[in-house]
């Protein structure tokens, strides 16, 4: 059986990780990586010699084209790529864009969204990264899901509305958790403690939330309605962190039905 | 050399984990675990046969007495324990109370604070739990630190003001991270996704924050000042989560100097 031919448009973090995965996937061949500037594509270090410009992609006639560029660049990139051969299935890796944004390339479009934060220099085991797939029809969805299953053990289907919910969950999971960790790092830095002292507490918190659910696992002054401790902590916090402290404490109190007259920070 | 004799007042989660650790610590002997109701102390399953009432503790003449009870019970408990023999060093496990709350028991008082969340049924490797020590004089501090070093590889000294900063950091590390995870679990539950799909993203987020610091690791719509995406996500969020989304997005924008006129959610 002939290998399924895959091309990638884009040379950023997501493209780099996908290129490395596809290049070694059994039954698939990475035939081209395209960028505005082919030297960016070459720099991926992916196992393909075919680094090209967006406009050259049609000449490779890939079975699948993965478009992995910044959301704001999408219209420029699709204009540069132009129509693909009619059999090519084209897919976006974006969490927010609609598959219809690829209509200028092909009616056989879809979504190939890895729910992960990719950074150059940070190895990611693609095998456990959840991929969320959508297709113009079930046929495109299945072609994309089959590729995703070569890369990962966690492959799912999601329409645009569900993917929007995922993206919101991703902001909380990644950006907001990261912000909270940043506050902890600042407090520990300012007090002269090593950042490491928070790690066992964080690990135990995450383990408990995963095992019994975050609601049941909640502890601390807010869930006890201990307004005196919360007011004291608010006073001692740098001003910039107070709205976050207030919002999260109010959310905990509201979720755990702390009486209204106590719920004043 | 004779073993150092330790007693514990309290039969809760912290007391249970400490009792198990002290009972097996080389050079130490757990001579008594006390509770209002001795059967609670027996239920610890600690390696001591001496379960007793608070009021009986002085008769054991321990070298060290660890007082590990709920903050709000402290005055009742010290009244019930009464003065200890003059050589006994007494210490609180609390993150917030002052060591002077133990003055009715002994002038040789201090703090023995494990920076961790303990729950019955959740094993905790005490060896990596940071302990924070304070003593009425350096002598008490050293006696308590020596015991802590038998239990853990991470032992530190902290005065009351520094411990207060730690406690605030602990609220962010444990309670607020837990709240954010709870929001993620709710969004995923409501959309019909498995909670597991967020785990690789969370793990990668924490790894990056630890390695390069949370500030440098920040990604997402807020750090890009992408107000359109943030407004759309706010509209799609359940009402109760919006103040948290707003506070954290504003904090990210402020930390990363997103221009003021964009900083409106």
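Some points to look at:
- Among the residues of region A:74-119, those identified as touching a residue at least 12 places away in the same chain (Cβ under 8 Å), more than 22 Å from residue A:162 (Cα to Cα) and either part of a helix (DSSP H, G or I) or within 14 Å of the chain's Cα centre (by Cα) (or both) are A:75, A:77, A:78, A:79, A:80, A:81, A:119.
- Any hit, region B:136-156, residues being touching a strand residue (DSSP E or B) at 6+ places or on another chain (Cβ under 6 Å), more than 8 Å from every other protein chain (Cβ to nearest Cβ) and without any contact (Cβ under 8 Å) to a residue 12 or more places away in the chain: yes
- Subset of region A:8-67 (residues that are part of a helix (DSSP H, G or I) and over 25 Å from the mean Cα position of the chain (by Cα)): A:38, A:39, A:55, A:56, A:57, A:58, A:59, A:60
Residues are listed down the side, and each one gets a yes or a no for (1) in contact (Cβ under 8 Å) with a residue 12 or more places away in the chain; (2) under 28 Å from residue A:254 (Cβ atoms):
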residue	(1), (2)
B:211	no, no
B:218	yes, yes
B:221	yes, yes
B:228	no, no
B:235	no, yes
B:239	no, yes
B:245	yes, yes
B:253	yes, yes
B:264	yes, yes
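- From the list B:197, B:184, the lone residue that is touching a strand residue (DSSP E or B) at 6+ places or on another chain (Cβ under 8 Å) and at pLDDT 95 or above is B:197.
- Scanning region B:167-193 for residues that are more than 7 Å from every other protein chain (Cβ to nearest Cβ) and in a helix (DSSP H, G or I) yields B:167, B:186, B:189, B:190.
- Taken together, the residues in region A:111-123 that are at the interface with another protein chain (Cβ under 7 Å from one of its Cβ atoms) and either crowded, with 20+ Cβ neighbours inside 10 Å or at positive phi (or both) amount to 3.
- Any hit, region B:194-212, residues being closer than 22 Å to residue A:235 by Cα, more than 7 Å from chain A (Cβ to nearest Cβ) and surrounded by fewer than 22 Cβ atoms within 10 Å (Cβ to Cβ): no
- Residues of region B:226-265 satisfying the condition of being surrounded by fewer than 17 Cβ atoms within 10 Å (Cβ to Cβ), more than 28 Å from residue A:202 (Cβ to Cβ) and touching a helix residue (DSSP H, G or I) at 6+ places or on another chain (Cβ under 6 Å): B:262, B:263
Here's the yes/no breakdown for (1) at pLDDT 95 or above; (2) outside the structural domain of residue A:190 (by TED's automatic domain parsing); (3) farther than 25 Å from residue B:196 by Cα; (4) assigned to a helix (DSSP H, G or I):
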{"site": "A:207", "(1), (2), (3), (4)": "no, no, no, yes"}
{"site": "A:220", "(1), (2), (3), (4)": "no, no, yes, no"}
{"site": "A:224", "(1), (2), (3), (4)": "no, no, yes, no"}
{"site": "A:234", "(1), (2), (3), (4)": "yes, no, yes, yes"}
{"site": "A:241", "(1), (2), (3), (4)": "yes, no, yes, yes"}
{"site": "A:245", "(1), (2), (3), (4)": "yes, no, yes, yes"}
{"site": "A:252", "(1), (2), (3), (4)": "yes, no, no, yes"}
{"site": "A:257", "(1), (2), (3), (4)": "no, no, yes, no"}
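The values are calculated or read from the model by the stated rules, or taken from the named source; none is laboratory data. Only a predicted model underlies this, so the values are computations on that prediction, with no experimental measurement involved. A quick note on method: Cβ atoms are made from the backbone with ideal geometry, for glycine too, and the neighbour counts reach across all protein chains shown.
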